[in-house]
Amino acid sequence: MNALGSANYYTDTVLTDMDILTGITNTLGVFPAPHAEGSKYIVLLDKNYYEGVRPAETEEVIRVRENGGKVVVVDPRLPSIGTLADEWVCVRPGFELAFLLGVMGHLLNNDFYDKAFVEANGSGFEAFAESVRSYDAAWASGRTGIPEAKIAEIAEGLAAAAPHCYVDMQWAGAVGSGYRNSAETVRGIILLNAMLGSFNQKGGWVFPLGPWVDDSAFDPTVFKPVGYPQSYAIGAGVHPLAYMYANDCQAVMAAPAEGALDVALFFGSNPLVDYPQAAMTAQDVGKNDFKVVVDSFMTETAKTADYVLPETTYLERRGIVGTATAPATVATLRNPVIDQVHPETKPTYRIIVDLAEACGLGEYFSFTLDQLNETYCAAYGVSYDALKSDGLAPIPGCELEFGNVPAFATKSGKIEFACEAYAAGGMSAVPAWIELAVSASGESLRLITGDQVFQSKTYTMASDKLAQLAKDFEADHVWMVTSRAAELGIEDGDVVELSNDSGSVQVKVRVTGRIRPDAVYLPPHYGCESEEIRTAFGFGALHKALVTRQAEPESGSGMLQEVFVNVKKVGA
């Protein structure tokens, strides 16, 4: 896209973790990772939204408890991983920020925070403390539905375990794209962990070391520089706190109707089912004059395309060398594990190179995938042959020493407890309560969602084994609490209709005690309308048919859980 001179390159970041990127870049400037293995106290906040598919994470949670530590799940719904925790604390959906403010207020008012760490590494802490002290456990209890004593207990449990503790911040979670106050929720998580002094401590948040690879690593005679577009991407500048490298995939949807976009290429992207307001998105995609889809499956979006370029699956192709950050950072390479199945398919990089050549831009892509990977390996100081054999290799000089303080890449060079960038972007310089965008009307219930441990978006339902697993466990059902179901005359297994101004779906219900009474949970993986994906077609309901296209004004993050639905039994 740079070679073409176009800035219109979009990912789904605003629908996954825009707020996390915004919070980290403005308050820390460096990216943390949890070190669960040595933790004495973990709070898994909103884990239901992204349970993930990392078996190692599940094992780490189990080991924390085996080693005498405590794991608390704070969540509107008890997710699968939550059953491995010591305790489930049910929070009112969208009021996770109030919970964090209450915990921080309790730590401040009782001098339970790490004063030495904060004084040495924080900027603007006095202004932060003045604001947050007023949000005590009693205040938080009135908003979250969590007893005051429980909020105080969690705060004191974290303080007693500090610095070997942390509050989890899961990538692609509800704290990254859920509510009107999600950007503030992310900041609360970051600053609460800072108050505990858990940075670069065993069982806390670690800031792994990793080599920086810039343009100087690439031989310009092999990798010809392409420069950068002179124009801005569609939607750029609307949201002052938006992460600079994540363009707004929601904003670009309306561009064809406004005459701002003529051609669309979708690489491994299926907006017709994975973007909010599915009916409107389908109309917007249809207004592109020319559409090309690159994918491994004939998705709903692919069926609308003028051309479909068939792509190999990740199992059939070699990837690009990357890194996995941990106390000992490693270089990684995804290698093919099966032979190519369909002879007409091509790996992603080959399709991009072929398109570039067809556009007269072949001079910028005269290198091979091996040359690219060998360049990264040289920069990391690892063997490409070793990566092709083992898939990972330790990067020399990138082993973290616990107890060191990370170098914070912020304006002050410290943790921004009071942040000028937030103030300039229309938010308070210090954390403060922000009301939700929408509230219940009549008998409506807040619609929450979240990945299941064996699914990711809608793509994994193309696997026959994962699809069968979902069907065996009736994983498509909408969750509703027992008491509310009884009021509506709904029994477990009934078909119900969920509806709002965006659309309506019908789906079977699971009546359970594992969810808040003011919410219903609908998984986001189902509702496939493409007959070509035989394993998924006709199973479950399309979650995005009910979700409104909207964004936090400051960060641009999609507010995917600022949605209410009416529920009724079909045929009643």
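The values are calculated or read from the model by the stated rules, or taken from the named source; none is laboratory data. Here the structure is a predicted model, which is why all the values come from computation and not from measurement. Quick reminder, even Gly has a Cβ in these numbers, built from the backbone with ideal geometry, and neighbours come from all protein chains shown. Ligands, DNA and RNA are excluded from the accessible area calculation, which covers all protein heavy atoms including side chains. Shrake-Rupley method; radii C 1.70, N 1.55, O 1.52, S 1.80 Å.
Do we find that Ser463 is among the hydroxyl-bearing types (Ser, Thr, Tyr) and open to solvent by less than 60 Å² (accessible area, probe 1.4 Å) in this structure? Let's see the steps before the verdict.
On the way: among the hydroxyl-bearing types (Ser, Thr, Tyr): yes; open to solvent by less than 60 Å² (accessible area, probe 1.4 Å): yes.
In short, yes.
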### Query
Limited to segment 424-454, what total is found for residues that are surrounded by fewer than 18 Cβ atoms within 10 Å (Cβ to Cβ), on the phi > 0 side of the Ramachandran plot and modelled with pLDDT under 95?
1
### Task
Sort out which residues of segment 451-482 are part of a helix (DSSP H, G or I) and over 23 Å from Ser504 (Cα atoms), and write them in order of number.
Thr460, Ala462, Asp464, Lys465, Leu466, Ala467, Gln468, Leu469, Asp472
### Message
Tell me yes or no: at least one residue of segment 211-221 is assigned to a loop (DSSP other than H, G, I, E, B), open to solvent by 20 Å² or more (accessible area, probe 1.4 Å), modelled with pLDDT of 95 or more and touching a strand residue (DSSP E or B) at 6+ places or on another chain (Cβ under 9 Å).
### Response
no
### Query
So, in segment 8-30, of the ones that are over 14 Å from the mean Cα position of the chain (by Cα) and either without any contact (Cβ under 8 Å) to a residue 12 or more places away in the chain or open to solvent by 20 Å² or more (accessible area, probe 1.4 Å) (or both), which residue ends up farthest from Leu158 (Cα to Cα)?
Asn8
### Task
Name every residue in segment 143-156 that is among the small types (Gly, Ala, Ser) and not in a helix (DSSP H, G or I), in order of residue number.
Gly145
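The rows are residues; the columns are (1) in a loop (DSSP other than H, G, I, E, B); (2) loosely packed, with under 15 Cβ neighbours inside 10 Å.
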{"position": "Ile234", "(1), (2)": "yes, no"}
{"position": "Val238", "(1), (2)": "yes, yes"}
{"position": "Ala242", "(1), (2)": "yes, no"}
{"position": "Ala246", "(1), (2)": "yes, no"}
{"position": "Ala264", "(1), (2)": "no, no"}
{"position": "Lys291", "(1), (2)": "no, no"}
{"position": "Ala331", "(1), (2)": "no, no"}
### Task
Would you please list the contacts, defined by Cβ atoms under 6 Å and residues six or more apart or on different chains, that run from a residue in segment 461-481 that is over 13 Å from Ala541 (Cα atoms) and at pLDDT 95 or above to a residue that is open to solvent by 50 Å² or more (accessible area, probe 1.4 Å) and part of a loop (DSSP other than H, G, I, E, B)?
Val481/Pro517
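Looking only at segment 339-361, which residues are assigned to a loop (DSSP other than H, G, I, E, B) and under 25 Å from Val382 (Cβ atoms)? Spell out how you get there, then give the answer.
From segment 339-361, those assigned to a loop (DSSP other than H, G, I, E, B) are 339-345, 347, 359-361; that's our starting set.
Listed by number, the list holds a single entry, Pro347.
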## Note on the structure
Residues in segment 50-104 that are touching a residue at least 24 places away in the same chain (Cβ under 8 Å), of a type in the set (Val, Ile, Thr) and farther than 17 Å from Val186 by Cβ total 9
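Do you know which residues across segment 492-513 are assigned to a loop (DSSP other than H, G, I, E, B), under 14 Å from Leu447 (Cα atoms) and open to solvent by less than 40 Å² (accessible area, probe 1.4 Å)? Don't jump to the end; show me each part of the working.
From segment 492-513, those assigned to a loop (DSSP other than H, G, I, E, B) are 492-494, 501-502, 513; that's our starting set.
Checking which are under 14 Å from Leu447 (Cα atoms) leaves us with 501-502.
The one that is assigned to a loop (DSSP other than H, G, I, E, B), under 14 Å from Leu447 (Cα atoms) and open to solvent by less than 40 Å² (accessible area, probe 1.4 Å): Ser502.
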## Note on the structure
Here the residues within segment 120-132 that are touching a helix residue (DSSP H, G or I) at 6+ places or on another chain (Cβ under 9 Å) and not in a helix (DSSP H, G or I) are Gly122, Gly124
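I'd like to verify a number: residues in segment 77-93 that are of a type outside the set (A, V, I, L, M, F, W, C) and either in a strand (DSSP E or B) or open to solvent by 10 Å² or more (accessible area, probe 1.4 Å) (or both), how many? Talk me through it step by step, then tell me what you get.
The initial filter retains those residues of segment 77-93 that are of a type outside the set (A, V, I, L, M, F, W, C), namely 77, 79-80, 82-83, 86-87, 92-93.
So of that shortlist, the ones also either in a strand (DSSP E or B) or open to solvent by 10 Å² or more (accessible area, probe 1.4 Å) (or both) come out as 77, 80, 83, 86-87, 92.
So the answer is 6.
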### Query
Looking only at segment 293-306, which residues are open to solvent by 30 Å² or more (accessible area, probe 1.4 Å), more than 22 Å from Pro347 (Cβ to Cβ) and in contact with a helix residue (DSSP H, G or I) (Cβ under 7 Å, 6 or more places away or on another chain)?
Thr304
### Summary
Screening Ala140, Ala159, Ala98 for residues that are part of a helix (DSSP H, G or I), open to solvent by less than 50 Å² (accessible area, probe 1.4 Å) and within 28 Å of Ala56 (Cα to Cα) leaves only Ala159
### Failed condition for Gly489, given (1) in contact (Cβ under 8 Å) with a residue 60 or more places away in the chain; (2) part of a strand (DSSP E or B); (3) of a type outside the set (Val, Ile, Thr)
(2)
### Query
Of all residues in segment 162-178 being modelled with pLDDT under 95 and in a loop (DSSP other than H, G, I, E, B), which is surrounded by the most Cβ atoms within 10 Å (Cβ to Cβ)?
Gly173
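Pick from Arg350, Arg318: which is crowded, with 17+ Cβ neighbours inside 10 Å and basic (Lys, Arg)? Walk me through how you get there before you give the answer.
Numbers: Arg350 fails: crowded, with 17+ Cβ neighbours inside 10 Å.
Answer to the selection: Arg318.
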### Query
Out of segment 547-572, which residues are within 30 Å of Tyr245 (Cβ to Cβ), out of contact with any strand residue (DSSP E or B) (no Cβ under 6 Å at 6 or more places or on another chain) and not polar (S, T, N, Q)?
Val547, Arg549, Glu552, Pro553, Glu554, Gly556, Met559, Leu560, Glu562
### Message
Among the residues of segment 254-262, are any open to solvent by 40 Å² or more (accessible area, probe 1.4 Å) and either in contact with a strand residue (DSSP E or B) (Cβ under 6 Å, 6 or more places away or on another chain) or of a type in the set (D, E, K, R) (or both)?
### Response
yes
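Being part of a loop (DSSP other than H, G, I, E, B), open to solvent by 10 Å² or more (accessible area, probe 1.4 Å) and either in contact with a Lys or Arg (Cβ under 8 Å, 6 or more places away or on another chain) or of a type outside the set (Gly, Ala, Ser) (or both): is that true of Tyr135 here?
Details: part of a loop (DSSP other than H, G, I, E, B): yes; open to solvent by 10 Å² or more (accessible area, probe 1.4 Å): yes; either in contact with a Lys or Arg (Cβ under 8 Å, 6 or more places away or on another chain) or of a type outside the set (Gly, Ala, Ser) (or both): yes.
When the stated conditions are applied, Tyr135 passes them.
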### Task
Confirm whether Arg54 is open to solvent by 30 Å² or more (accessible area, probe 1.4 Å), over 20 Å from the mean Cα position of the chain (by Cα) and either within 24 Å of Pro208 (Cα to Cα) or charged (D, E, K, R) (or both).
no
### Failed criterion for Thr58 (all others in (1) modelled with pLDDT of 95 or more; (2) part of a helix (DSSP H, G or I) hold)
(1)
